[in-house]
Amino acid sequence: MSAAAPDPSDVRFPSIEGLRAFESVARLGSCERAADELSVTASAISKRVATLEDLLGTPLFNRSLRALALTAAGREYLEQVRAALGLLAAVPLHRRQAQRVQRLRVSSPPTFARQILVPALTDYTAAHPEVELEIVLSIPYIDGGQADADVEIRNGDALAAGVDPLMEDVLVPLASPGLLARFDPVDVPQDLARLPLLRTPLEPWTPWFRAAGLDWHEPTQGPRLVDLGLTLEAAVCGQGVALARPSLARHWLRSGALVPLLPALGITARPAHLYYAVAHSAHEPAFGFIDWLAAMASDLADEAAQELLSRST
């Protein structure tokens, strides 16, 4: 039969300071040495030990001798105290280094996280080792916002949110070489009528059609992909032409898995939405992260635009 649990009202907890003082004195043999180790005065050590003895109702040290020596009760209690302090010391959050870590929870749409944020994290963590990042994904059209995130990256109306966009993106048609090999060459915008056009409500085709001088309606055939990354993956698999941002497709553009259509004509459109970031925390790491993110994303978009321009010359 197991022993009954102690009555909580009958338990008297000593202070951590008292336990540490007792253990240090027992190990080092004097209040002065314990005071040096714990960075307090010898008088404070003596008072903490005396308070502990009053709480326990028994002396822990024999003070009749020149040097402090543990009583029988003190020796037994020391083993218990060392075990308890060892358990507390093993808790990671109790360590000074862990307490200096500043945790930052960042919410991001999936494609932005995979194609822009995560590849650049090495630079951020190297410059800010004191910040522990946690990246969580938000799903457009489903999540109502990550209120528990310190920083939230959104694809939407930055002006309405009262902030600047992280980068100025453009939209261009992208397709796999395998898809293009199955059709006649695309020399003018009207030639896209022969190719399957991938659909996503996040990047409608109408703005690009108008920029190209085409009075066409939105495509009505083929799967409707409610994710920019899935749309790009479908284009890589040769399922159709994606209207996409070079900043998000730069990995596939560099590898040749995707190529821009009509690069010499330089026809682009502005996305209906742009990426921006908002801080839900007043802590400095949140604002510092947004500053770093804006500079990084802007440089990346500029590089992608230059790469696209180089293909047209």
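Numbers for the structure displayed
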{"item": "Helices (runs of 4 or more DSSP H) completely within segment 112-204 that count 1 or more residues being surrounded by 12 or more Cβ atoms within 10 Å (Cβ to Cβ) and under 15 Å from the mean Cα position of the chain (by Cα)", "result": "121-127"}
{"item": "Tally, over segment 251-274, of residues that are at pLDDT below 90, touching a Ser or Thr at 6+ places or on another chain (Cβ under 7 Å) and not in a helix (DSSP H, G or I)", "result": "1"}
{"item": "Meets criteria (surrounded by fewer than 14 Cβ atoms within 10 Å (Cβ to Cβ) and assigned to a helix (DSSP H, G or I)) for Glu303", "result": "yes"}
{"item": "Those residues of segment 10-27 which are without any contact (Cβ under 8 Å) to a residue 40 or more places away in the chain and either surrounded by 16 or more Cβ atoms within 10 Å (Cβ to Cβ) or over 19 Å from Ala73 (Cα atoms) (or both), in sequence order", "result": "Asp10, Glu17, Gly18, Ala21, Ser24"}
{"item": "Lone qualifier among Arg82, Arg48, Arg75 - being part of a helix (DSSP H, G or I), without any contact (Cβ under 8 Å) to a residue 12 or more places away in the chain and not aliphatic (A, V, I, L, M)", "result": "Arg75"}
{"item": "Residues located in segment 275-290, provided they are in a strand (DSSP E or B) and buried (at least 20 other Cβ atoms within 10 Å of the Cβ)", "result": "Tyr275, Tyr276, Ala277"}
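Residues are listed down the side, and each one gets a yes or a no for (1) without any contact (Cβ under 8 Å) to a residue 60 or more places away in the chain; (2) outside the structural domain of Ser298 (by TED's automatic domain parsing); (3) polar (S, T, N, Q):
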| residue | (1), (2), (3) |
| --- | --- |
| Asp157 | no, no, no |
| Leu202 | no, yes, no |
| Phe209 | yes, yes, no |
| Trp216 | yes, yes, no |
| Leu225 | yes, yes, no |
| Arg250 | no, yes, no |
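The values are calculated or read from the model by the stated rules, or taken from the named source; none is laboratory data. Owing to the predicted nature of the structure, the values given are computational and were not obtained by experimental measurement. Every residue, glycine among them, receives a Cβ derived from its backbone with ideal geometry; neighbour counts consider all protein chains shown.
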